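Participant: Below is the structure I would like to discuss, written out as structure tokens.
Since every read-out is calculated from the coordinates, none of them should be taken as a lab result. Not measured: the values here are computed from a predicted model. Neighbour counts are summed over all protein chains in view; Cβ atoms, including those assigned to glycine, are modelled from backbone coordinates with ideal geometry.
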Amino acid sequence: MPEHTAEETHGSPTHEVRDFLRRRREQIAQRWADEPLFRSVFTVSRDEAVEAGKAVVDALAEVADAGRVDDPDAAGFSGVREQLARMGVARGRAGLTAAQVSSELATLRQPVENLLLSDIGEAPAEHVRACATTLTVLMGTLRVVVMQTALSEGEALIDRQRLQLLEVATPVIKLWDGIVAVPLIGTLDSARSQVVMETLLQSIVEQQARFAILDITGVPTVDTLVAQHLMKTVAAARLMGAECIVSGIRPAIAQTIVHLGLDLGTVITRAGLADALKYALHQLGADIVGPTANGTGHR
Amino acid sequence: MPTGAGVEARLPIRSDMDLVWVRQHVRQAAAQLGFGLVDQTKLVTAASELARNTLVHGGGGHMESEPVVSGGVRGLRLTFSDEGPGIADVERALSDGYTSGGGLGMGLGGARRLVHDFAIETVPGAGTTVRVTSWTARPPRQREEH
């Protein structure tokens, strides 16, 4: 706020608000501690919520002191940015939409404004109005800061989860001596298929596997890129001396592959994982035989 | 009778993550309109190919999806648009095995075989629009609107 509204007996509205925030720090924090935003995030004790509230009041006072009430990047916010982000994210996880979080933040203004008006009610009306406006702007900036940090926190979370998915979704399982299997799940984009290929080739070496089964039951769409990734993996495994079997081809996928015009003729395919295992065992010279009437395998 | 709500959409195609979104939207829209599992899978696969073309060759764009009805048969129309370099030789691009991007060269031609109606408009230097339609039953024959 510009300082031209300064009067003889009162400082500028910005400084008035700053002094007020410092003076009423305790009371404001006490009132905020009962608001859902603080109450539901700091659940351990009410003192914790009050302390968090005080930190925010201090930040606001510092921002006002620097005269940057409308600047969400003001240095004063840096100390509470992380705390504000945690609060925003916690409310988001509780199922609130961004709009609901924003309106919860808006409710923080009223108790502060009431306190402010009771403090400076004696001052000239114009000055009171200027101070109230300054406070409103400052609280609006606080909202922007929370929403900003909560959003960027969300993006960071999504990035972390993407990386986690890359790792989690590609286990290589040893089914038998010389037979490993990879159950592929979800979207097989370039990054995922690279990880699959690397872990598979690695385990072919470690397990001295002769057969590797790629099960695509959990892959919802097999388009030309997925097919290309599969064929590259098969070719690479072949170079390592292992034969690949692609299993888990559902009827709808089979028809789609035919219409697409893909030629998987060079790849051994089986409908189910069990069929693929049976094939691999047979190739290794071990056959699965059903039990006879007396419970022992026949020869 | 299913309504068109949730089917009509305009999705951006700017990254790999958007392709996931396109596939999920098409799958849900097709299921909602009453497509069988095989036709759903075909349409989703075609959408995946075309959306990837939009991203890789067209430099990004968007997909519009809308429900259509013709002769009492419901269908789903998908339009993929980009403002990329366009396709110089459409016939060649549609032929199997031809690729300019290191893929298998089956995407465009394969997508055409996976849907009932396929139309491509391209202006070299100004972009490409591919419009595909699939029907929940046999495609109505009297369709001559475009």
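Participant: So, in nm, how far is label residue A:71 from label residue A:39 when the simple model puts each one 7 Å beyond its Cα toward the Cβ?
Facilitator: Placing both labels 7 Å beyond Cα along the Cβ direction yields 3.6 nm.
Participant: Pick out, from B:15, A:32, B:38, the residue whose Cα sits farthest towards the positive end of the charge dipole of the protein assembly as shown, with +1 on the Cβ of Lys and Arg and -1 on the Cβ of Asp and Glu.
Facilitator: Selected residue: B:38.
Participant: Compute a Gaussian network model of chain B, connecting alpha carbons closer than 10 Å, and tell me which residue from B:26, B:38, B:90 fluctuates the most.
Facilitator: B:38
Participant: Dipole of the stretch A:173-283 (Lys/Arg Cβ +1, Asp/Glu Cβ -1, origin at the Cα centre): which of A:230, A:272, A:195 lies farthest to the positive side?
Facilitator: A:272
Participant: Before rounding to the nearest 500, sum -39500 (n - 2.57) across all DSSP H runs of length at least 4 in chain B and divide by the residue total; then give [θ] at 222 nm in deg cm²/dmol.
Facilitator: Rounded to the nearest 500, it is -11000 deg cm²/dmol.
Participant: I've got another one for you. In Å and from the alpha-carbon atoms only, list the Rg and Dmax of the stretch A:103-189.
Facilitator: Taking only Cα atoms of the stretch A:103-189, I get Rg and Dmax of 27.2, 89 Å.
Participant: Same structure, new question: Of A:251, A:14, A:80, which is farthest on the positive side of the dipole of chain A, counting Cα position, with +1 on Lys and Arg Cβ, -1 on Asp and Glu Cβ, and the Cα centre as origin?
Facilitator: Highest projection toward the positive end goes to A:251.
Participant: Now a separate question. Which of the helices in chain A, when you take each full DSSP H run, stretch at least 20 Å along the axis at their Cα atoms and have an average Kyte-Doolittle score of 0.5 or higher?
Facilitator: Passing helices, by number: A:224-239.
Participant: Based on Cβ point charges of +1 for Lys and Arg and -1 for Asp and Glu, what charge dipole magnitude is obtained for the protein assembly as shown about its Cα centre, in debye rounded to the nearest 20?
Facilitator: The dipole magnitude comes to about 2000 debye.
Participant: Shielding by partners for B:32-44, please: the mean number of other protein chain Cβ atoms within 10 Å of each residue's Cβ.
Facilitator: Neighbouring Cβ atoms belonging to other protein chains average 3 per residue here.
Participant: For chain A, count the residues as N, evaluate 2.2 N^0.38 Å, and divide the Cα radius of gyration by that value, please.
Facilitator: Chain A yields a ratio of 1.69.
Participant: Let me ask something else about it. Using Cα atoms only, what is the angle between the long axis of helix B:16-33 and the major principal axis of chain B, expressed in degrees (0 to 90) to the nearest 10?
Facilitator: It works out to around 20 degrees.
Participant: If you don't mind, there's one more thing I want to ask. Would you calculate the volume per residue, in Å³, of the smallest convex hull containing every Cα atom of the stretch B:3-146?
Facilitator: 105 Å³
Participant: In the protein assembly as shown, what percentage of the DSSP-assigned beta bridges are antiparallel, given to the nearest 5?
Facilitator: 70 percent
Participant: Based only on other Cβ atoms within 10 Å, what is the fewest-to-most ordering of A:82, B:91?
Facilitator: Fewest-to-most ranking of A:82, B:91: B:91, A:82.
Participant: What's the magnitude of the charge dipole for the stretch A:13-162 around its Cα centre, counting Lys and Arg as +1 and Asp and Glu as -1 at the beta-carbon? Answer in Debye, nearest 20.
Facilitator: 420 debye
Participant: Taking neighbour Cβ counts within 10 Å as the exposure measure, how do A:282, B:25, B:116 sort from fewest upward?
Facilitator: A:282, B:116, B:25
Participant: Moving on to the next point. As a test of the formula, what do you get for chain A when each DSSP H run with n ≥ 4 contributes -39,500 (n - 2.57) and the sum is divided by the residue count, at 222 nm and rounded to the nearest 500 deg cm²/dmol?
Facilitator: Helix contribution divided over all residues of chain A: -19000 deg cm²/dmol.
Participant: Here's something else I'd like to know. Quick one: A:103, A:193, B:48, fewest Cβ neighbours within 10 Å first, how do they rank?
Facilitator: A:103, A:193, B:48
Participant: Still on this structure, I have one more. Counting other Cβ atoms within 10 Å, keep those with at most 15, restrict to DSSP loop, and tell me which GluC sites (Glu not before Pro) in the stretch A:88-124 are left.
Facilitator: Listed in order of number, the matching sites are A:122.
Participant: Work out how much length residue A:133 to residue A:158 would gain on full extension: take 0.36 nm times their residue separation and subtract the Cα-Cα distance, in nm to one decimal.
Facilitator: So the extension gain works out to 5.2 nm.
Participant: Follow-up question, since we're still on this one. What do you get when you divide the Cα radius of gyration of the stretch A:13-162 by 2.2 N^0.38 Å, with N the number of residues?
Facilitator: Working it through for the stretch A:13-162, the quotient is 1.04.
Participant: For the stretch A:79-152, state which trypsin sites (Lys or Arg not before Pro) are in a DSSP loop and have at most 13 other beta carbons lying within 10 Å of their beta carbon.
Facilitator: Counting only loop positions with at most 13 other Cβ atoms within 10 Å, none of the trypsin sites (Lys or Arg not before Pro) in the stretch A:79-152 qualifies.
Participant: Right, something else. Counting C-alpha atoms alone, how compact is the stretch A:173-283: give Rg to one decimal and Dmax as a whole number, in angstrom.
Facilitator: For the stretch A:173-283, the Cα radius of gyration and maximum Cα-Cα distance read 12.9, 38 Å.
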